[in-house]
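First up is the structure itself, then whatever we jot down about it.
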Amino acid sequence: MDGALSSPAVPRSPGILYLHGFCSSPASWKARLLGEEMGRRGLAGHFLCPQLSTVPAQALAEASALIEAAQAAGTRLTLVGSSLGGHYASWLAEQYGLNAVLINPATVDRLDVQKFVGEHHNYHSGERFQFTAEHAAQLRAQVRRPTPERYWLWLEQGDEVLDWRDAAEFWAGCRQSLLPGGDHSFSRFPEFLPQLIEFCGI
């Protein structure tokens, strides 16, 4: 059952929930740039970028709690997800009826997530963690078919981590920006930032 939405009579102010990727954090390049831009617009309080749990089910629970709290406060969030955060954003967009920008997203439906089982470390904090077979199963259970009109998909063909064609096919029918070159970080993020802000209604 979809998450409860506030009454249409409640005024809605826009906000953004940024979801980082696997082994990443709010200290990532894109998260910092977006947070700084929101601050310049006097909307720092409408930008959320949590440190997500490395446990997929817990990561979704944490993000869901933030969305529900924002809804209760009259804020309608747009989701922005990078890499694995794009997978989470897609699930949450379907759950809560929200719009989402997906940046070189992980297409869990097409990935062998079992190959990620083992020890990893956070790129920014250096903290080590275990990704288990149970965690891989949680990711596979989170796959939901997308409603195309909710999404804007950003893909760079030079992504060295994920095959852009998997995402283009899974999110077929949604608005897509497919660019040559680049890399997994989505190197053109700074030039797309004004369009992102506009898409989020800010």
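Per-residue answers, yes or no, for (1) in contact with a Leu (Cβ under 8 Å, 6 or more places away or on another chain); (2) assigned to a helix (DSSP H, G or I):
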{"position": "TRP91", "(1), (2)": "yes, yes"}
{"position": "GLU94", "(1), (2)": "no, yes"}
{"position": "PRO105", "(1), (2)": "yes, no"}
{"position": "GLN114", "(1), (2)": "no, yes"}
{"position": "SER125", "(1), (2)": "no, no"}
{"position": "GLN130", "(1), (2)": "no, no"}
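Does region 111-127 contain at least one residue that is charged (D, E, K, R) and either in contact with an Asp or Glu (Cβ under 8 Å, 6 or more places away or on another chain) or at positive phi (or both)? No: region 111-127 contains no residue that is charged (D, E, K, R) and either in contact with an Asp or Glu (Cβ under 8 Å, 6 or more places away or on another chain) or at positive phi (or both). Selection of region 151-163 for residues being open to solvent by 50 Å² or more (accessible area, probe 1.4 Å) and touching a helix residue (DSSP H, G or I) at 6+ places or on another chain (Cβ under 7 Å) yields only GLN157.
Considering region 124-150, the residues that are over 12 Å from SER90 (Cα atoms) and in contact with a strand residue (DSSP E or B) (Cβ under 7 Å, 6 or more places away or on another chain) include one that is most open to solvent (accessible area, probe 1.4 Å), namely ARG128.
HIS121 meets all of the listed conditions (1) in contact with a strand residue (DSSP E or B) (Cβ under 6 Å, 6 or more places away or on another chain); (2) crowded, with 17+ Cβ neighbours inside 10 Å but one, namely (2).
Here is a yes/no grid of residues against (1) in contact with a helix residue (DSSP H, G or I) (Cβ under 7 Å, 6 or more places away or on another chain); (2) open to solvent by 10 Å² or more (accessible area, probe 1.4 Å):
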position: ARG76; (1), (2): no, yes
position: GLY81; (1), (2): yes, no
position: LEU84; (1), (2): no, yes
position: ALA89; (1), (2): no, no
position: LEU92; (1), (2): yes, no
position: LEU98; (1), (2): yes, no
position: LEU102; (1), (2): yes, no
position: ARG110; (1), (2): yes, yes
position: VAL113; (1), (2): yes, no
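For first residues located in region 90-108 and over 16 Å from THR78 (Cα atoms), partners that are of a type in the set (Lys, Arg) and lie 6+ apart or on another chain with Cβ distances below 8 Å form the pairs VAL108/ARG140.
Within region 16-35, the set of residues being farther than 19 Å from SER187 by Cβ and buried (at least 23 other Cβ atoms within 10 Å of the Cβ) comprises ILE16, LEU17, LEU19.
The values are calculated or read from the model by the stated rules, or taken from the named source; none is laboratory data. From a predicted model like this one, the values you see are computed outputs, not experimental measurements. We place every Cβ from the backbone using ideal geometry, glycine too, and count neighbours over all the protein chains shown. Protein only, heavy atoms only, side chains kept; ligands, DNA and RNA dropped before computing areas. Shrake-Rupley method; radii C 1.70, N 1.55, O 1.52, S 1.80 Å.
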